[in-house]
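Colleague: First the structure, which I've put down as structure tokens, then a few questions once you've had a look.
Please treat every number below as a calculation from the coordinates, not as lab data. Here the structure is a predicted model, which is why all the values come from computation and not from measurement. As a convention, Cβ positions derive from the backbone with ideal geometry for all residues, glycine included, and neighbour counts pool all protein chains shown.
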């Protein structure tokens, strides 16, 4: 029994490392393909490592038959305290989650000129940074606007085409 648990533990550690390295590889490839700055790739990679290690620890507890009753009471107490703290600062969690969604799906990147359509509060400018909690936009008056990631996903975004910049689509249209 003890030997089996050690073998399963070693296998789980190896599997966790392999999955962690594979996720890092795929996140890096997605970042390269979408031309995302290395800082954002780093943040998303660290978040995925955290999730993978957390799952590995849970599986390790199952392998070693840890009494989950005591752990569950402790974990629920911790999660209750964290839940109250996050409720007070709910936007922190939603901005972090939005950052991950933006990493994988957002078509604009640093250097693109955009317009956030928000009625009288619309913002037009160039994206200069996309971080875990906000997007920094340099507006037309050279002010830096910090726009929360969660609002960025909720509002319509217009990507403004640079008239001086020749794109692949422009060259195809010109040759037709």
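Colleague: Restricting attention to region 1-13, which residues are within 15 Å of residue 58 (Cα to Cα) and free of Cβ contacts under 8 Å to residues at least 24 places away in the same chain? Steps first, answer last, please.
Modeller: Quick first cut of region 1-13, residues within 15 Å of residue 58 (Cα to Cα) only: 5, 8-13.
Across region 1-13, the qualifying residues are 10, 11.
Colleague: Quick one: count up the residues across region 132-154 that are under 21 Å from the mean Cα position of the chain (by Cα) and either at positive phi or exposed (fewer than 15 other Cβ atoms within 10 Å of the Cβ) (or both). Please lay out each step first, then the result.
Modeller: First, pick out the residues of region 132-154 that are under 21 Å from the mean Cα position of the chain (by Cα): 132-137, 145-154.
Adding the requirement that they be either at positive phi or exposed (fewer than 15 other Cβ atoms within 10 Å of the Cβ) (or both) leaves 146, 154.
Selection size over region 132-154: 2.
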